[in-house]
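A.B. asks: Dumping the structure here so I can ask a few things about it.
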Amino acid sequence: MTTSKFQLSGLGLATVLLAANTSLAQTFEPAQTVGLGPWSTDPGFTIGETFNGYTPPGIPDGQGAWDRGDTVEIAANHELRSTEGYTYTLANGAELRGARISSLVFDKDSRQLIDMGPAYHTIINRAGAPVTGPQDLDFGGLNRLCSAGYVAEGQAGFVDDIFFSGEETGGGTEFVLDVANDVLYAAPWMGRAAWESVALLDVPTINKTHVAVLVGDDRGDAPLLLYVGEKQRGGGFLERNGLAGGRLYMWVADDGSVSPADWNGTGTTRRGTFVEVENYNAAAVGGGDPNFDELGFATQSYLDQQKADIGAFNFSRPEDLHTNPAPGKGGQVIFASTGRNTTLNQGADLWGTTYLIDVKINPGRIRTDNITADLTIVYDGDDAGLQFPDPDYGIRSPDNLVWADDGQIYIQEDRSVGGFGDVSGEETSIWKLDPTSGLVDRVAQVYRDSVPTNQVDTNPLDLGNWETSGIIDVTELFGAEGERLLFFNVQAHSLRGGPIDSENLVQGGQFLFMSKPE
């Protein structure tokens, strides 16, 4: 990408305010403060603006970042449905609407935005063919690209730099971006799911030959999925990264627990085993078997049937996962289930639960009975983590999260329960969770008064309408000394008017840096 002089149209006010020293960022008006300790924010870009000829749509979501020398590139999903948003064009002339991925490039020293544009120019579909139009994708376009994850070359066994981005809808596909070549590939071997983020297990004893990926499936009563694939020398992008020809597993509790109705409560643990399910049948290629598509891959309904058959644990609503960044801890993953009243949990997990997963894989033989995991509830929202007198005062509806290099976990709320804010009166927030003690602190909070010029909040009294999302730790990438530096975005669901409507951007929102002294 080429760089250009930084210019903005002057629309942006910060939509999230953090602490007493929030500073002016670029040409944005300064944000007000909410007095949340040492944390501050600098807005980097507001939805509704155009930069370097590119106008990104709204509903920003999952993000990943990587080093570009003097700059840092950040990829960001837009969680649009396949029929939403303005039309964009691929390199071969194919015109699509719906979800997409934007690229934001920031100068390391100044942290100013210096370039922006689409993150890919080519899409390869589930059949391995270039997308030439809406008919080549399951939903007529990419559908609700949600949470995301990034892995650098050599990390967790992967050969290339990859940005993981999945469709958050039943029967959705995981897509993986070849960062070096700006090509987006469908990865059907990873199964069908309503994709949230993935966590990449960094276990050197298995990563020499295999990759292992934990998956969040954002549906009520959904399982915890694990994909394990063997890397193939001399293959294409998917093959050499172990993302083709692999196996799919679901976590089954050893004691027979099948939902939060059987197991809940802060500090409790269950042991379990990953049991393989049938995700591919070569004999079904071409169609004719209702359990598989024409490519031979299991349908969502058949995977759900197998989930019941093997007694897999049904989480309330699996969301984000993130691997422990500490050296030698790459088999540990933090995992949020947002919470909802489901058929199986019977109201046992309304406010959401945060789990710590400890995966153990026998490096000698990677097979079904050699992959186990202990799950511990670090914070149960329904008992308020044993820290607060009412769930509404603590972490509510945990969604996106990051296990940062400071050892702390930063969790973002996404309203998913009736009564959100009724007791506390608190807007959606970002929390810091100590994975050792389980104690939490609110570090950031949505500020609804911050409405950009020419836009309007169409439902200002609807508590929890706006949410933050896509949080990542970029401290090391920006060479930040003496501070903790995070990057996240805001989905301002009720913002309309001005360019949001005229440019068909769907909703308002913003990208922001978040920091505190260390």
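The values are calculated or read from the model by the stated rules, or taken from the named source; none is laboratory data. Note that the structure is predicted; figures quoted are calculated from it, not measured. Cβ: placed from backbone, ideal geometry, glycine included. Neighbour counts: every protein chain shown. For accessibility, only protein heavy atoms count, side chains too; no ligands or nucleic acids. Shrake-Rupley method; radii C 1.70, N 1.55, O 1.52, S 1.80 Å.
A.B. asks: From (1) under 25 Å from residue 512 (Cα atoms); (2) out of contact with any Lys or Arg (no Cβ under 8 Å at 6 or more places or on another chain); (3) assigned to a strand (DSSP E or B), pick out the condition that doesn't hold for residue 123.
C.D. replies: So residue 123 meets the others, but not (1).
A.B. asks: Kindly establish whether residue 255 is open to solvent by 30 Å² or more (accessible area, probe 1.4 Å), modelled with pLDDT of 95 or more and over 15 Å from residue 151 (Cα atoms).
C.D. replies: Details: open to solvent by 30 Å² or more (accessible area, probe 1.4 Å): yes; modelled with pLDDT of 95 or more: yes; over 15 Å from residue 151 (Cα atoms): yes.
Yes; evaluated as a whole, the condition is true for this residue.
A.B. asks: Residue by residue through the stretch 204-218, note down the ones that are part of a loop (DSSP other than H, G, I, E, B) and buried (at least 22 other Cβ atoms within 10 Å of the Cβ).
C.D. replies: Filtering the stretch 204-218 down to residues part of a loop (DSSP other than H, G, I, E, B) leaves 208-209, 218.
The answer is 218, and nothing else.
A.B. asks: Looking only at the stretch 100-123, which residues are among the charged types (D, E, K, R) and buried (at least 21 other Cβ atoms within 10 Å of the Cβ)?
C.D. replies: Step one: list which residues in the stretch 100-123 are among the charged types (D, E, K, R), which gives 100, 107-109, 111, 115.
Listed by number, the list holds a single entry, 100.
A.B. asks: Ok, one more. Identify the single condition in (1) in a loop (DSSP other than H, G, I, E, B); (2) surrounded by fewer than 17 Cβ atoms within 10 Å (Cβ to Cβ); (3) not acidic (Asp, Glu) that residue 169 does not satisfy, given that it satisfies every other one.
C.D. replies: Against the list (1) in a loop (DSSP other than H, G, I, E, B); (2) surrounded by fewer than 17 Cβ atoms within 10 Å (Cβ to Cβ); (3) not acidic (Asp, Glu), residue 169 comes up short only on (2).
A.B. asks: Where in the stretch 393-506 are the strands (runs of 3 or more DSSP E), entirely inside, with at least 1 residues that are open to solvent by 10 Å² or more (accessible area, probe 1.4 Å)?
C.D. replies: Values: elements: 398-403, 409-413, 429-433, 440-446, 466-473, 483-492.
Where strands (runs of 3 or more DSSP E) fall fully within the stretch 393-506 and carry at least 1 residues being open to solvent by 10 Å² or more (accessible area, probe 1.4 Å), they are 398-403, 429-433, 440-446, 466-473, 483-492.
A.B. asks: Could you run through the stretch 299-349 and say how many residues are surrounded by 24 or more Cβ atoms within 10 Å (Cβ to Cβ), part of a loop (DSSP other than H, G, I, E, B) and within 22 Å of the chain's Cα centre (by Cα)?
C.D. replies: 7
A.B. asks: Take residue 352 and decide whether it is open to solvent by less than 40 Å² (accessible area, probe 1.4 Å) and free of Cβ contacts under 8 Å to residues at least 12 places away in the same chain. Before you say what the answer is, go through the steps one by one.
C.D. replies: Details: open to solvent by less than 40 Å² (accessible area, probe 1.4 Å): yes; free of Cβ contacts under 8 Å to residues at least 12 places away in the same chain: no.
For residue 352, the condition - open to solvent by less than 40 Å² (accessible area, probe 1.4 Å) and free of Cβ contacts under 8 Å to residues at least 12 places away in the same chain - is not met.
A.B. asks: Same structure again: Filtering the stretch 431-445 down to residues that are aliphatic (A, V, I, L, M) and under 18 Å from residue 390 (Cα atoms), which residue is nearest to the chain's Cα centre (by Cα)?
C.D. replies: Filtering the stretch 431-445 for residues that are aliphatic (A, V, I, L, M) and under 18 Å from residue 390 (Cα atoms), the one nearest to the chain's Cα centre (by Cα) comes out as 433.
A.B. asks: Report, ordered by the first and then the second residue, all pairs with beta carbons closer than 9 Å, sequence separation of six or more or different chains, a first member in the stretch 298-325 that is over 23 Å from residue 288 (Cα atoms), and a second member that is in a helix (DSSP H, G or I).
C.D. replies: 312/306; 314/307; 314/308; 323/156
A.B. asks: Starting from residues that are of a type in the set (D, E, K, R) and at pLDDT below 95, keep the ones in the stretch 355-386 and report whichever is most open to solvent (accessible area, probe 1.4 Å).
C.D. replies: 365
A.B. asks: Might you check whether a residue that is of a type in the set (Lys, Arg), closer than 23 Å to residue 168 by Cα and open to solvent by 60 Å² or more (accessible area, probe 1.4 Å) occurs anywhere in the stretch 270-293?
C.D. replies: Quick first cut of the stretch 270-293, residues of a type in the set (Lys, Arg) only: 270-271.
Now drop any that are not closer than 23 Å to residue 168 by Cα, which leaves none.
Within the stretch 270-293 (the criterion being of a type in the set (Lys, Arg), closer than 23 Å to residue 168 by Cα and open to solvent by 60 Å² or more (accessible area, probe 1.4 Å)), the answer is no, since none of the residues qualifies.
Residue-wise test of (1) hydrophobic (A, V, I, L, M, F, W, C); (2) free of Cβ contacts under 8 Å to residues at least 12 places away in the same chain; (3) open to solvent by less than 10 Å² (accessible area, probe 1.4 Å); (4) on the phi > 0 side of the Ramachandran plot.
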site	(1), (2), (3), (4)
223	no, no, yes, no
240	no, no, no, no
247	no, no, no, no
251	yes, no, yes, no
260	no, no, yes, no
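A.B. asks: Sticking with this one: Looking at the stretch 80-99 only, could you name the residues that are farther than 11 Å from residue 139 by Cβ, open to solvent by less than 80 Å² (accessible area, probe 1.4 Å) and in a strand (DSSP E or B)?
C.D. replies: Of everything in the stretch 80-99, just one residue is farther than 11 Å from residue 139 by Cβ, open to solvent by less than 80 Å² (accessible area, probe 1.4 Å) and in a strand (DSSP E or B), namely 88.
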